[in-house]
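Just below is one structure, and these are the notes that go with it.
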2 protein chains.
Amino acid sequence: MIKLHGFWRSAATFRVRIALNLKGLAYNEDMIDLDAGEQHAPDHLQRNPHAAVPVMRIGDAPPMTQSLAILEYLEEIHPSPPLLPADQIGRQRVRSIALDFASDHHPLIVPRIRHYLADHLEAAPDQIREWICHWLREGLNSAEARLAADKATGEFCHGNSPTIADLGLISHVMAARGFQITTGALPVIDRIATNCLALEAFARALPLRQPGAPATH
Amino acid sequence: MIKLHGFWRSAATFRVRIALNLKGLAYNEDMIDLDAGEQHAPDHLQRNPHAAVPVMRIGDAPPMTQSLAILEYLEEIHPSPPLLPADQIGRQRVRSIALDFASDHHPLIVPRIRHYLADHLEAAPDQIREWICHWLREGLNSAEARLAADKATGEFCHGNSPTIADLGLISHVMAARGFQITTGALPVIDRIATNCLALEAFARALPLRQPGAPATH
């Protein structure tokens, strides 16, 4: 059985949950409460000195960290259904889109950044909220420009079946919706998000459907 | 011939230069002056709507972005010498370490962030400098804890030959040194950085050895 140390709201954990569901791999999730600072507890730091989630445990292997590296591992051990295209240029594109979301934007809005802004730059709550919304919107707008301009985009980010690029996209879109940022004016992203959420593997992994999530958002 | 659109100081471009050198692939680099805002010029936005470097062009393929996705592509088309281990768990670890540097820390200190801090949060120059130094130190300290605790660490991040994890490490270390942050108190990182820089493929790719770099730093 696969064990996941995650958190209901964590975009990175959301990505891994979707991949596990798509590949039909059963898992148990143990929630690390990021709001309560449980990521800094000694037992979690031993799993991941970077004090982040998710951490995946599988058999006797060392704890695995970093969602995109976990997705690559899952793709290697359980290649069907594939979450990367068969061709090299396609794989480069899909990995690049996933990184646009997961690397260039998501790390800007996590708790440690919010704390630094408040504690060291004396940012007010509404300034922190605007910081988060700014980077969420920037990520959406540049992704819309990229996806709309490229004929490799289909019903999903790359062609007509989900890849790790879509896991990056949907985790960003759902984070944005959590801050009342809609995607109605971004037709390509909106279409892909709708197609993702129509799949049970995505819907079942949604943050608000996990233990610990608030009943309304 | 491979064409790289990069910038002398860019940590992400540095990583790609090292990989090209290690694999013996010739390239030409066209410098996009990030300080002058050339990443926002229409011709560059056409290559990369995210307004970032590097962008790699190879033959007739579409422009390739995101350094880690470019490294995976180079590994696929030119697997020797390998920059990923042969085993799945080792590859997961190496990719995860690379992401610790390239995804969790590097995006926090790039020009767009510095501009936002100054323009929207009225951060003073010394506060921006402290922001950068804080995240550079955080990345170094958590990486030292991770690498020191794991027996898979060797003369390099993973065993005794360079992998993409070392490309992440050295790009972070050199960025830190640019801000007078030394690694003498972090013995594992210091050893690995020394071993990296002893290799000509790393040394030749160094930011300060590129066109446009200042004569002294």
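Carbon and sulfur atoms: what percent of the 1.4 Å accessible area of the protein assembly as shown do they account for? The partial results should precede the final answer.
Values: 9350 of 17450 Å².
After summing per-atom areas, the C and S share lands at 54 percent.
Give me the Debye-computed log₁₀ of I(q)/I(0) at q = 0.14, 0.25 Å⁻¹ for segment B:129-177, equal point scatterers on Cα only, no solvent, two decimals.
The calculated log intensity ratios at q = 0.14, 0.25 Å⁻¹ are -0.36, -0.94.
Tell me the total accessible area that A and B bury against each other, 1.4 angstrom probe, in square angstrom rounded to 100.
4300 Å²
Can you compute the helix-only [θ] at 222 nm over chain B? Use -39500 (n - 2.57) per DSSP H run of at least 4 residues, normalise by all residues, nearest 500 deg cm²/dmol. Numbers along the way, then the final one.
Details: 9 runs with 108 residues, N = 217.
The helix-only estimate for chain B comes to -15500 deg cm²/dmol at 222 nm.
With contacts defined as alpha carbon pairs under 8 Å and 6 or more residues apart, what's the relative contact order of chain B in percent?
On the way: 273 pairs, mean separation 54.6, N = 217.
The value is 25 percent.
For segment B:154-171 and segment A:28-99, compute the distance between their C-alpha centroids and round to whole Å.
With segment B:154-171 and segment A:28-99 each reduced to a Cα centre, they are spaced 20 Å.
Mind listing the long-range amide H neighbours of A:Ser10? Cut-off is under 5 Å, sequence gap 5 or more, other chains count too, H placed in the peptide plane at 1.01 Å from N.
Counting only residues 5 or more places away or on other chains, the set is empty.
Does chain A come out rounded, prolate or oblate by the C-alpha gyration tensor, with a ≥ b ≥ c the root eigenvalues, rounded set by a/c under 1.5 and, if not, prolate when a/b is larger than b/c and oblate if not?
Details: a/c = 1.69, a/b = 1.09, b/c = 1.55.
Taking the square roots of the gyration eigenvalues as a ≥ b ≥ c, chain A is oblate.
State, as an integer percentage, the relative contact order of segment A:65-135 based on alpha-carbon contacts under 8 Å between residues 6 or more apart.
On the way: 21 pairs, mean separation 14.4, N = 71.
Dividing the mean separation by the residue count of segment A:65-135 yields 20 percent.
Quick check on the protein assembly as shown: what are the equivalent-ellipsoid semi-axes from the Cα gyration tensor, as sqrt(5λ), descending, whole Å? If you can, show how the numbers build up before the last one.
Details: eigenvalues 170, 120, 119 Å².
Those come to 29, 25, 24 Å.
Can you give me the orientation-averaged projected area of the convex hull built on the Cα atoms of segment A:45-118, in nm²? Mind showing how you got there, number by number?
Working: hull surface 24.6 nm².
So the Cα hull casts an average projection of 6.1 nm².
For the full complex of protein chains and a 1.4 angstrom probe, list A:Thr182, B:Thr65 by accessible area with the highest value first.
Working: A:Thr182 110, B:Thr65 5 Å².
So, going from the largest accessible area down, we get A:Thr182, B:Thr65.
On average, how much accessible surface per residue is there in chain A, in Å², for a 1.4 Å probe, leaving out ligands, DNA and RNA? It would help to have the intermediate numbers written out before the result.
On the way: 8720 Å² over 217 residues.
Here the per-residue accessible area is 40 Å².
Under 1.5 on a/c is rounded, so check that first for segment A:120-215, then, if it is not, pick prolate when a/b is larger than b/c and oblate when it is not; a ≥ b ≥ c are the square roots of the alpha carbon gyration tensor eigenvalues.
Numbers: a/c = 2.62, a/b = 1.35, b/c = 1.94.
Oblate, because a/c is 1.5 or more while a/b does not exceed b/c.
Got a sec? Charge dipole of segment B:1-95, +1 on Cβ for Lys and Arg, -1 for Asp and Glu; which of B:Phe14, B:Ala61, B:Ala51 is way out at the positive end?
So the residue furthest toward the plus end is B:Phe14.
Would you work out the charge dipole size for segment A:115-195 about its Cα centre, treating the Cβ of every Lys and Arg as +1 and the Cβ of every Asp and Glu as -1, and quote it to the nearest 20 debye?
On the way: 6 positive and 10 negative charges, 56 e Å.
Roughly 280 debye, rounded to the nearest 20.
By the scheme Lys and Arg +1, Asp and Glu -1, what is the net charge of all other residues having a beta-carbon under 9 Å from that of A:Arg17?
Numbers: positive: A:Arg15, A:Arg204; negative: A:Glu29.
Computed value for this residue: +1.
What ranking do A:91-100, B:48-57 get when scored by the average of other Cβ atoms within 10 Å per residue, highest first?
Numbers: A:91-100: 26.2, B:48-57: 23.3.
Sorting A:91-100, B:48-57 by mean packing, highest first, produces A:91-100, B:48-57.
Counting Lys and Arg as +1 and Asp and Glu as -1, each charge on the Cβ, what is the dipole of chain B about the Cα centre in debye, to the nearest 20? Intermediate results must be reported in sequence, preceding the final value.
On the way: 20 positive and 24 negative charges, 71 e Å.
The dipole of chain B has a size of about 340 debye.
What is the magnitude of the charge dipole of segment A:52-97 about its Cα centre, with +1 placed on the Cβ of each Lys and Arg, -1 on the Cβ of each Asp and Glu, and no other charges, expressed in debye to the nearest 20?
Numbers: 4 positive and 5 negative charges, 35 e Å.
So the dipole magnitude of segment A:52-97 works out to roughly 160 debye.
The values are calculated or read from the model by the stated rules, or taken from the named source; none is laboratory data. Computed from a predicted structure; not experimentally measured. No Cβ is skipped: glycine too gets one built from the backbone with ideal geometry, and neighbour counts run over all protein chains shown. The protein model used for the area step is the full one, side chains on, heavy atoms only, and it has no ligands, DNA or RNA in it. Shrake-Rupley method; radii C 1.70, N 1.55, O 1.52, S 1.80 Å.
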